[in-house]
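Here is the structure we will look at.
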Amino acid sequence: MHIYFSSVYGSTKQYAEELARRLSTTVQEILNHAEVPDTAAEGPIIVLAPAHGPMNAAAKFVKSLPETTIQASPTCVVTVGMTLDHVVREADPTAELLGDRADQVQRFYLPGRLNYSELTAAHAGVMRGIIGALKLKPRKSENERSMIEMYKKDTDRVDLSRLDAIVAWAEAAKGAKQLKKI
C-alpha cells in the first residue's frame, strides 16, 4: 500500500498521516512527479492533494504513473477542498483532470481547512479578487455564497471520520489484489 500527498496549508497532510496510521503504512510527500518508485506497482496507490484553483497535484501525479502501474494497482485520488460536498460530487472536477484515466481511478473528496490568517500574500490577493467578483455577481450559487461567507475567516472543515470510506476502499482493493496473485 502506498500513500502519497501534496499539501499547501496542512489539512491534506493531516488526512494523509491519519490514513497511513489507520492502514499501518507510511506516507510520502509528492516532491517530484517524475520520481515514482518501482514499488508503486505493488499498490493499492492512494494520492491525496488539495484542489488549489484549477490544479490538483494528485491528478497530475497519477497521470505521470506508467499505464502498467495503473493497470496493475488499484489507484485512487483524494481531493481535499472547500467546495460544498454535493457540488464537488456532482461536478467531479478530478475526473476531468485525470482525462482518459478517470475510469481507472477511484475518486474521493474530503472537506479541508482554509485559514485566511495563514495565506500567502499572493493567495490572499487571488482570494480578494475572486470574492470581489463573486460579490458583484447577481445570481450566486450556494457554493459561491459559502465562499463569500467564509472570506477572511479561518474555516476548518476537516473531518477525519470521512477517511472511513477510503480505508474501506483500500482494504477491499488490497484484498482483491491479493486474490489475483493466487
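The values are calculated or read from the model by the stated rules, or taken from the named source; none is laboratory data. Note that the structure is a prediction, hence the values are computed from the model and not measured. Just the protein is used for accessible areas: all its heavy atoms, side chains included, with ligands, DNA and RNA removed. Shrake-Rupley method; radii C 1.70, N 1.55, O 1.52, S 1.80 Å.
Summary of values
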| quantity | calculated |
| --- | --- |
| Accessible area per residue, Å², region 68-182 with all protein chains present, probe 1.4 Å | 59 |
| Most mobile of Leu48, Leu97, Leu136 in a GNM of the chain (Cα contacts under 10 Å) | Leu136 |
| Lysine pairs with alpha-carbon atoms under 23 Å apart, the chain, spacing 8 or more or separate chains | 13 |
| Apportionment of accessible area to carbon and sulfur, the chain, percent (1.4 Å) | 52 |
| Estimated 222 nm signal from helices in the chain, with DSSP H stretches of n ≥ 4 weighted -39500 (n - 2.57), rounded to 500 | -13500 deg cm²/dmol |
| The chain: relative contact order as a whole-number percent, Cα under 8 Å and 6+ apart | 22 |
